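See structure below.
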Amino acid sequence: MNDNSAIIISLNDDVSEIIELAESLNYRVVKTFFQRRENPDVKSFIGRGKVDEIKEFIETSEKIIDLVIVDGELKPSQWFILEKKLHVNVFDRARLILKIFEERADRKEAKLQVKLARLQYERPFVRELIHRARSGEHPGLMAGGEYQVDDYYEMIKRQMKKTKENLRSIRDERELRRRYRHKGGFYLVSLAGYTNAGKSSLLNLLSGEKVEVDGRLFSTLSTTTRKINKKIFPILLTDTVGFIQNLPAYIIDAFHSTLEEIEVADVVLLVVDISEEKEVVANKLKVSLDELVEIGVTSPVIIILNKIDLISKQGLKARIEYIQKQGLARNRKISSISVKNQEGIDKLLDLVHESLPQLVRFKLKLKVNKNTQSFISWIYEKAHVLDISYDYHVIISIECNTNLRDKIITKCQHLDGIVVY
Ligand SMILES: Nc1nc2c(ncn2[C@@H]2O[C@H](COP(=O)(O)OP(=O)(O)OP(=O)(O)O)[C@@H](O)[C@H]2O)c(=O)[nH]1
Ligand SMILES: [Mg+2]
């Protein structure tokens with residue numbers, strides 16, 4: 001961890017998440033200032049007395065305070081006043097999250113998504129600066145005058161348009177790829193859930209992949225799709241960006257194409273960190289379920305309670321009861337697992353299997369020859385082989401979705417095989 005110090009300003013007592021966010025950016029939180037009030041102060045988010053108290057703290061602190069983090073949403077005018085008074089960079093929650101996203105964005109699409117969100121975020125702030133510059137209050141943001149700020153605003157608009165266009169073409173490619181995979185008989189299963197729940201860890205376990213796993217929030221920004229290598233089914237599993245509460249709509253919108261992976265999945269695996277306090281678990285589960293509704297998920301959702309290695313059996317039971325009492329699980333399937341200890345994974349895969357749509361079973365009768373052999377290997381690759389017997393003929397029982405069945409049957413007929421239901 002580097003030695004950047006931050007202070008936090010909060011209107012309520014629960015600051016654990018904002019501290020985690022700050023730490024995810026390598027800031028050490030040296031002090032939290034609370035001002036318990038229902039609504040923020042219109043002018044400066046917190047009252048004037050509190051601003052003075054913070055100013056004094058910053059000026060007299062032994063450590064240099066690099067950042068002031070406001071746990072909430074700042075209006076541009078509030079931000080302007082706070083920065084002006086405190087002489088330190090001031091971030092609100094969205095800005096902090098955007099900063100984390102900027103650091104984590106690794107691939108082109110994620111970079112563009114973050115850029116779009118960032119431009120959306122900045123727009124009202126630039127408008128405020130233009131306003132201030134016009135009224136003579138602010139001599140100019142970027143070492144220029146009103147003219148340059150105006151220019152900057154236009155540039156933001158142009159960049160947003162261009163970024164959206166670029167994202168659209170990547171999205172089209174993504175959709176094509178997805179359609180191709182679906183047609184190829186793969187089931188698409190997506191991981192979803194609150195940040196840090198263990199989505200990437202589960203992807204790694206099921207696919208043998210090595211996606212980055214980290215205790216910091218928002219380790220994953222880009223989607224990764226991998227084949228599940230537990231030999232049950234041709235399933236492609238996709239890892240996605242984590243959810244968090246109170247995320248502004250424009251950030252969610254910017255990640256539209258990524259979240260589409262969840263929307264179009266045949267089954268969604270909603271991963272939950274069950275080791276936290278039951279109220280925290282319930283809250284994060286609720287945020288995640290609301291997000292799935294927002295995304296428009298209609299496929300089956302399996303709730304996966306992960307990290308059971310960190311709690312007792314009674315603790316797990318109590319949490320499940322609490323979730324159910326809160327009406328959060330409804331009639332959804334629940335699976336308890338520990339990725340760390342590889343516990344509950346087979347049961348989870350059974351649940352996934354049961355939830356896959358349009359499964360059909362059928363048998364083929366094939367002549368024994370070289371072509372048949374490579375056909376059978378291909379079937380093993382793509383579908384679930386229930387049974388196979390070699391005699392004068394090969395009889396193979398298969399389970400797969402209807403798309404793949406049609407393809408298999410066409411190939412079978414090419415080889416003079418027959419379908420025996
Ligand atoms: N004890 C325990 N820790 C786990 C388990 N599964 C994951 N973790 C830890 O939880 C943290 C988060 O795991 P990730 O897989 O990165 O979580 P994620 O949901 O992908 O998080 P984001 O990408 O940030 O949304 C890491 O420190 C993991 O090592 C588990 O079963 N038990
Ligand atoms: Mg991840």
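The numbers here are math on the coordinates, done by the rules we state, and not lab data. The model shown is predicted, which means the values in this text are computed figures rather than measured ones. As a convention, Cβ positions derive from the backbone with ideal geometry for all residues, glycine included, and neighbour counts pool all protein chains shown.
Details
- Take the Cα of Asn369, go 7 Å toward its beta carbon, and the backbone nitrogen atoms of segment 389-421 under 16 Å from that spot belong to 392-394, 411-418.
- Legend: P(r) of the chain from all alpha carbon pair distances, 10 Å bins from 0, whole percents, reading 4, 18, 24, 22, 15, 9, 4, 3, 1, 0.
- Where the Cα pairs of segment 52-105 fall when distances are cut into 5 Å bins, in %: 4, 19, 26, 23, 16, 9, 3, 0
- Cα-based reach from Lys340 at 20 Å (exclusive), listing aspartates and glutamates while leaving out same-chain residues under 8 positions away: Glu209, Glu212, Asp214, Asp239, Asp273, Glu276, Glu277, Asp309, Asp350
- Along its principal axes, segment 4-101 has C-alpha extents of 29, 29, 23 angstrom, given from the largest down.
- Binned Cα-Cα distance frequencies in segment 359-420 - 10 Å width, integer %: 24, 65, 11
- Length available on full extension from His87 to Arg37: 0.36 nm per residue minus the Cα-Cα distance, which gives 15.5 nm.
- Fully extending the segment from Asp151 to Val287, taken as 0.36 nm per residue of separation minus the present Cα-Cα distance, adds 45.1 nm.
- Three principal axis lengths of segment 295-381 [C-alpha, angstrom, descending]: 58, 32, 23
- Our estimate of slack between Ala318 and Glu279, defined as 0.36 nm per intervening residue step minus the Cα-Cα distance, is 12.9 nm.
- Cα-based helix-to-principal-axis angle, 108-134 vs the chain, degrees rounded to 10: 20 degrees
- For segment 4-101, the number of Lys pairs separated by eight or more positions or lying on different chains, with C-alpha atoms closer than 22 Å, is 24.
- Secondary structure note: in segment 242-351, about 10% of the DSSP beta bridges are antiparallel.
- With Cα atoms, 0 to 90° folded angle of helix 313-325 axis to the chain main axis: 80 degrees
- Cβ-Cβ FRET estimate between Arg332 and Val360, R0 fixed at 22 Å, reported to 0.05: 0.35
- Distance in nm between pseudo-label sites at Thr402 and Asp172 (7 Å out along the Cβ direction from Cα): 3.0 nm
- Helix 48-60 vs. the chain, principal-axis angle (Cα, 0 to 90°, nearest 10): 90 degrees
- The Arg134 and Lys55 beta-carbon pair, evaluated with R₀ = 25 Å, returns a calculated FRET efficiency of approximately 0.35.
- The HN-Hα couplings worked out from phi for segment 264-277 by the Karplus form 6.51 cos²θ - 1.76 cosθ + 1.60 (θ = phi - 60°) are 8, 5, 6, 9, 10, 9, 8, 8, 10, 7, 7, 7, 7, 4 Hz, whole numbers, x standing for Gly and Pro.
- Given R0 = 41 Å, the distance between the Cβ atoms of Tyr392 and Glu209 translates into a calculated FRET efficiency of 0.45.
- Solvent-free Debye scattering, log10 I(q)/I(0), computed from the Cα coordinates of segment 185-355 at q = 0.15 Å⁻¹: -0.78
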